Amino acid sequence: MKGALRASKFSLLTLSILLGLIVPFEPASAVTQYTLIELGGLGGREATSARGINDLGQVVGSAPVSASRNHAYLWENGVMRDLGVLGSLNSGADAINNSGQVVGGTHVPSGEFHAFLWEDEVMHDLGLLGGDDSRAYGISESGLVVGRTDVPIGGYHAFLWEDGAMQDLGTLGGVDSRALGVNDSRQVAGWAETAGDDMRAFLWENGVMQGLGTFGGARSGASDINSLGQVVGWADTAAGDGHAFLWEGGVMLDLGMLPGGSSSGASAINDSGQVIGGSTTASGDSHPFLWQDGVMYDLTEYISAGPGWVVRSLEDINNAGQIVGWGEYYGLNRAIMLTPIPEPSVVGFVGLAFLVAMRRLRGG
């Protein structure tokens, strides 16, 4: 009887403690762990790269098909498929939306390199603006495509392709510009040269290209824009160091560097405001980072990978937090995807403990 009473008291005490844990519990870290997945290749894995990922986990990039040829690919559920070319040489994919539309660049029969849109199993040539060369770098959910094309007056200009027509977005007074990201609000982000030959991040909307400024230096460049109009990239300080930035509503926020680092740059942002990129460290090495909620995390500390792996570049992040890029496996380049590992549910754990405690109280 005394033993049963002690067990009941113990169970009640345990139950009280566990229930008390539910409200005050907070995760030990704001960043989860990631598993590293190698995406394979199209006959060879060396020099394979991953450039874009959508919310379905479909990945695009380029992979070698021979010693001198690379082809655009679409990776899904462990299978990498060759998207081919429009000519006989090379192609590469740079972005994919949730409808499975893929954009990039391909050689055409004339030997020129043209921007393409791949959809419904067909690769379409997006054409040119009077020059000889073009490439697409970004696509919105509604199928707006952006990139760069050379123009008759010389240099490359950013373009917006919509409903079969390619529009020249111009520059900031200089020769060259390049569009890298677009959303369904027809906001375009990239970089353009000024009349003084300086490089500037830009946001194009409503027919107007505006420079986003710097951190006191001469140059900046934007790499991506999300559905909320938040832009990321890099900008020089007065000392000439590049810092990753997040621009929103006219304000450019310096995301800083990893501890001891001197420079950083952001490559992509998702709709939750998670930013990825690279930063130097105190040792002078470059490490991949994830920035969220005002904190920059060194992802080398959160990636579960086997021996021999070094993550070198992060290129894109989807709204599920999956990240693609490339790394080195014993010195050889490989396309990779980083997938967040779900954390155990604390409420579920406490719920299980609650059931155990109740059974003990009932003597079951």
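Can you find a residue that is farther than 19 Å from residue 148 by Cβ, polar (S, T, N, Q), modelled with pLDDT of 95 or more and surrounded by fewer than 19 Cβ atoms within 10 Å (Cβ to Cβ) anywhere in the stretch 91-110?
Scanning the stretch 91-110, I find at least one residue that is farther than 19 Å from residue 148 by Cβ, polar (S, T, N, Q), modelled with pLDDT of 95 or more and surrounded by fewer than 19 Cβ atoms within 10 Å (Cβ to Cβ), so the answer is yes.
Kindly indicate whether any position in the stretch 299-308 is surrounded by 17 or more Cβ atoms within 10 Å (Cβ to Cβ), in contact (Cβ under 8 Å) with a residue 60 or more places away in the chain, part of a strand (DSSP E or B) and out of contact with any Cys (no Cβ under 8 Å at 6 or more places or on another chain).
Keep residues of the stretch 299-308 that are surrounded by 17 or more Cβ atoms within 10 Å (Cβ to Cβ), which gives 299, 302-303, 305.
Those still in the list that are in contact (Cβ under 8 Å) with a residue 60 or more places away in the chain too: 299, 302-303, 305.
Among the residues that remain, those that are also part of a strand (DSSP E or B) are: 303.
With out of contact with any Cys (no Cβ under 8 Å at 6 or more places or on another chain) added as a condition, the list becomes 303.
Yes, the conditions are met somewhere in the stretch 299-308.
Pick out the one residue from 253, 180, 258 that is part of a loop (DSSP other than H, G, I, E, B) and either polar (S, T, N, Q) or modelled with pLDDT of 95 or more (or both).
Values: 253 fails: part of a loop (DSSP other than H, G, I, E, B); 180 fails: part of a loop (DSSP other than H, G, I, E, B).
Every option except 258 fails the conditions.
Hey, residue 353 hits all of (1) over 24 Å from residue 39 (Cβ atoms); (2) at pLDDT 95 or above; (3) surrounded by 16 or more Cβ atoms within 10 Å (Cβ to Cβ) but one; which does it fall short on?
The single condition residue 353 does not satisfy is (2).
I'd like the full set of residues that are of a type in the set (Gly, Ala, Ser) and in a strand (DSSP E or B), limited to the stretch 67-98. Reasoning before the result, please.
Initially, the stretch 67-98 is screened for residues of a type in the set (Gly, Ala, Ser), giving 67-68, 72, 78, 84, 87-88, 91-93, 95.
Within the stretch 67-98, 72, 84, 91, 92, 93, 95 meet the criteria.
The rows are residues; the columns are (1) touching a strand residue (DSSP E or B) at 6+ places or on another chain (Cβ under 7 Å); (2) crowded, with 20+ Cβ neighbours inside 10 Å; (3) assigned to a strand (DSSP E or B).
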| residue | (1), (2), (3) |
| --- | --- |
| 146 | yes, yes, yes |
| 152 | no, no, no |
| 157 | yes, yes, yes |
| 189 | yes, yes, yes |
| 192 | yes, yes, yes |
| 216 | yes, no, yes |
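Quick one: would you say residue 233 is at pLDDT 95 or above and either acidic (Asp, Glu) or in a loop (DSSP other than H, G, I, E, B) (or both)?
Values: at pLDDT 95 or above: yes; either acidic (Asp, Glu) or in a loop (DSSP other than H, G, I, E, B) (or both): no.
Judged against the criteria, residue 233 is not a match.
The values are calculated or read from the model by the stated rules, or taken from the named source; none is laboratory data. It should be emphasised that the depicted structure is a prediction, and the values quoted were computed from it without experimental measurement. Methodologically, a virtual Cβ is constructed for each residue, glycine included, from the backbone with ideal geometry; neighbour enumeration extends over all protein chains shown.
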